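The structure appears below as structure tokens.
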Amino acid sequence: IVLDLRNSYGYLASEHIDLFRASRSDFLSISLVGKPNSNAIEHERNRLLPARQRDDTLRAYRKPIAILIDSSTRGAAELLAYQLAKLDRVTTVGEPTLGRLGSYQRDGGVETLVENLENNLNKSLDGGFLDYSAADRVLIDGNVFEGIGVKPKRNAPFPFETVSRGDPQFQVAVNVLMGVI
């Protein structure tokens, strides 16, 4: 499987990860620093990864996987790439992500990236502005993720100046998988 997360932001639920992992033993942990209110921490953790029981009838895909990422892979798609990259059989290919888990502010109202894109899909900002608020208090597995993101195991820049019909990052991903098989 080549999972293309380039130019993605998406939604992440534990069920998405369950498709590729046989257990939840090393699920990423999401925590907030600087807030003594533990309810806020639990709320954030549950919002991003609901604490539902794993479906034991679901068989996880156990063959090699290549994941395509780039600087436009954001939010939940970055977290999915990060979580799956913990597996030895998964190779991330492409360019580093930016580590953007924050929210966007539009004309004084805070919206998530998804809400903002949905609200403005067919209309312009009408002279408004978008301001990004970094999620610098959010820790993933105890480490700052904002501004760091996911570094690919195989760096493969996409040459936008080259005119060709192929996708060089996808070709690197296929070559990685062929080398494993």
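The values are calculated or read from the model by the stated rules, or taken from the named source; none is laboratory data. Nothing here was measured: the structure is a model prediction, and the numbers come from that model. All Cβ positions, glycine included, derive from the backbone under ideal geometry; neighbour counts span all protein chains shown. These area figures cover heavy atoms from the full protein model, side chains too; ligands, DNA and RNA do not enter into them. Shrake-Rupley method; radii C 1.70, N 1.55, O 1.52, S 1.80 Å.
Residues in the stretch 133-176 that are part of a helix (DSSP H, G or I), buried (at least 17 other Cβ atoms within 10 Å of the Cβ) and not small (Gly, Ala, Ser): Gln169, Phe170, Val172, Val176. Which pairs do you get when a residue that is at positive phi, found in the stretch 144-160, comes within reach of a residue that is assigned to a loop (DSSP other than H, G, I, E, B) and open to solvent by less than 40 Å² (accessible area, probe 1.4 Å), reach meaning Cβ atoms under 7 angstrom, with the pair 6+ apart or on two chains? Listed pairs, sorted by first residue: Gly147/Gly99; Gly149/Thr97; Gly149/Gly99. Considering the stretch 1-98, the qualifying strands (runs of 3 or more DSSP E), each wholly inside and each with 2 or more residues that are open to solvent by less than 30 Å² (accessible area, probe 1.4 Å) and modelled with pLDDT of 85 or more, run over 65-69, 90-94. Selection within the stretch 99-126: residues that are surrounded by fewer than 17 Cβ atoms within 10 Å (Cβ to Cβ), among the charged types (D, E, K, R) and assigned to a loop (DSSP other than H, G, I, E, B). The member of this set that is modelled with the lowest pLDDT is Lys123.
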